[in-house]
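Quick notes on the structure that follows.
The values are calculated or read from the model by the stated rules, or taken from the named source; none is laboratory data. Bear in mind the structure is a predicted one, so any value in this text is a computation, not a measurement. Every residue, glycine as well, gets a Cβ built from its backbone with ideal geometry; the counts of neighbours run over all protein chains shown. Surface areas here come from the heavy atoms of the whole protein model, side chains and all, with no ligands, DNA or RNA. Shrake-Rupley method; radii C 1.70, N 1.55, O 1.52, S 1.80 Å.
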Amino acid sequence: SLAGALSAAGFLAYDGNEYHAEYAGDRTRGVFIDRHPPNERIFLLWKPKIPSLIVETHNALDEREAERWERPETRAAFASAVIAALVEAS
């Protein structure tokens with residue numbers, strides 16, 4: 001739901017080229033499954049009692065992306081997409 005809402009709002013999905021074997025691509029573009037052994041995963045994804053997502057909002061090394069996230073309309077579009085995905089998932 002979240003990947004679809006972000007895409008519909010105009011946010012580009014990461015292609016995962018640098019992930020190699022650490023994360024497996026899902027059917028949905030920009031969604032990846034952690035392949036690390038359970039005890040080596042990011043803590044949030046280690047033993048969650050509730051569904052957990054990590055959203056990487058932008059590539060801070062890309063000046064255009066960093067600048068885009070300084071704009072209130074970008075953050076508002078992101079917030080609206082997250083809300084839409086939560087409503088859809090609930």
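So how far apart, in nm, are the two label points at R35 and E73 if each is 7 Å from Cα heading toward Cβ?
4.0
Return the whole-Å distance between the Cα centroid of the range 1-27 and the Cα centroid of the range 40-64.
Going from one Cα centre to the other spans 12 Å.
Provide S7, S52 ordered by accessible surface of protein heavy atoms (probe 1.4 Å), highest first.
Largest to smallest exposure gives the sequence S7, S52.
How far is helix 72-89 tilted, in degrees, relative to the longest principal axis of the Cα atoms in the chain, given as a value from 0 to 90 rounded to the nearest 10?
Rounded to the nearest ten degrees, it is 50.
Please work out how much length the chain gains when fully extended from Y14 to S90, using 0.36 nm per residue of separation minus the C-alpha to C-alpha distance, in nm with one decimal.
Result: 24.8 nm gained on full extension.
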